[in-house]
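A short worksheet on the structure shown next.
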Amino acid sequence: MAALLATGAFLAPGFAASVTSTIDGGGQRIAGGNCTVDGSIGGIGGIASDAVHAAVVMSGYAGQLCDATVNKADQTITFPAIADQLITSTIRLSATASSGLPVSFTVGAGPGTIGSGSNLTFSATGIVSIVASQPGDTSWNVAPNVTNSFTVTGICTSSAAVSSGVCADYDGDGKADPTVYDEATGTWKVKLSSAGYYLIVTTLNGLGGPGYASVSADYDGDGKADPAVYQELTGTWIVLLSSANYTMVVLPQFLGGIGYSAMPADYDGDQLADPGVYQRERGDWKVMLSSANYATVELLGLLGGTGYRAVAADYDGDHKADPAVYGESNGVWAFKISSANYITIVLTQTLGGIGYIPVPADYDGDGLADPAVKSESSNEWIVMLSSAGYTPVHVTLQFE
């Protein structure tokens, strides 16, 4: 794109001038050539002013300026790809233009917010697109926009503990909220991480009770766990959907039944918890994949069996829940790692065993589920934080 710069106002009175060559723009390059001043031809020597004016000096005619049509230079933007992010992340956007001019950012789509020009935060889970742009100036053309898209996920999207311990992010801040569900009374005790782990005690309008196990997970994809219970006797599921003002949804004879423990998790990585069950004697798994319109997938003898409890969660950080089991008597943990083609990995050290309930979750907010157990007889929790090299940490949590 050409722009007529350095007009006749730059010429001394009485001189007429014309340019017989094209001057390349960008404030850096001059192709060379001649211009005519009052009938005399001289060589173009250089830029007489800054890039805004881009006037040219005629060799041999000191102080005389010629008209010049300057062609703006093209520019490109280098905007490195953005990795998938956690809902709790804050990232500083960075991009460069080949012109050296500053690059601006806007949110093209998704639950992202840009503050202070380049600090990106998130208000929910989902796909976010960030657009980098540079509008150009008198020497540079507008740069083609560059868009980067990535996925924002919550921290805890599965219910890894049955009945007594719950792995779930009820407040949507991206951190698992330590919870105890008392099946005998249907009482829920939750320590909300967003409120300084303030204790809330509730019956959730009668959700649960004898014969109902906790299966809380994010079924509607809004970044908040939906309180839910599962009745093994009938295979009935009851869910309070957070995105619908906690409307109760009852699904009779939905999935499971006698001999099956519920194990919902996001097995397909689409940000929706998939209803799933685990057959305790044979190690069979059944999952209704949300990405396949909730078609049921049955995996016979996949992992576990007698003496092992299912503890599926995203242990490898690829946003897909890994089938996993916990030895109730020996504290052995075994995983089918989704990012490694579901190879079986056994934890090198034991955690828990008799007298402990498994309660894995992402307690440190690094995107990896942390193996953890809770004492059945006290307020002791033992957590192997992935961010600390999986060193066991003993914590006392009061739920009174």
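Computed values, structure above
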{"item": "Qualifying positions in the range 318-358 - small (Gly, Ala, Ser) and surrounded by 17 or more Cβ atoms within 10 Å (Cβ to Cβ)", "result": "321, 324, 327, 331, 334, 338, 352"}
{"item": "Complete set of residues in the range 219-248 that are in a strand (DSSP E or B) and either polar (S, T, N, Q) or open to solvent by 50 Å² or more (accessible area, probe 1.4 Å) (or both)", "result": "231, 236, 247, 248"}
{"item": "Any hit, the range 350-357, residues being farther than 27 Å from residue 394 by Cβ, out of contact with any strand residue (DSSP E or B) (no Cβ under 7 Å at 6 or more places or on another chain) and in a loop (DSSP other than H, G, I, E, B)", "result": "no"}
{"item": "So residue 293, is it closer than 22 Å to residue 169 by Cα and without any contact (Cβ under 8 Å) to a residue 12 or more places away in the chain", "result": "no"}
{"item": "Residues (in a loop (DSSP other than H, G, I, E, B) and surrounded by 14 or more Cβ atoms within 10 Å (Cβ to Cβ)) located in the range 295-304", "result": "302, 303, 304"}
{"item": "Residue tally, condition out of contact with any Phe, Trp or Tyr (no Cβ under 9 Å at 6 or more places or on another chain), assigned to a loop (DSSP other than H, G, I, E, B) and either open to solvent by 10 Å² or more (accessible area, probe 1.4 Å) or within 18 Å of residue 359 (Cβ to Cβ) (or both), over the range 200-218", "result": "3"}
{"item": "Test for residue 106: is it modelled with pLDDT of 90 or more and part of a strand (DSSP E or B)", "result": "yes"}
{"item": "Subset of the range 113-139 [within 18 Å of residue 80 (Cβ to Cβ) and surrounded by 18 or more Cβ atoms within 10 Å (Cβ to Cβ)]", "result": "120, 128, 130, 132, 133, 134"}
{"item": "Unmet requirement for residue 85, which otherwise passes all of (1) modelled with pLDDT of 85 or more; (2) touching a Phe, Trp or Tyr at 6+ places or on another chain (Cβ under 9 Å); (3) surrounded by 14 or more Cβ atoms within 10 Å (Cβ to Cβ)", "result": "(1)"}
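The values are calculated or read from the model by the stated rules, or taken from the named source; none is laboratory data. Here the structure is a predicted model, which means the values were calculated and not measured. Because the Cβ atoms are built from the backbone with ideal geometry, glycine has one as well, and the counts that use them run over all protein chains shown. What goes into the accessible areas is simple: the full protein's heavy atoms, side chains included, and nothing from ligands, DNA or RNA. Shrake-Rupley method; radii C 1.70, N 1.55, O 1.52, S 1.80 Å.
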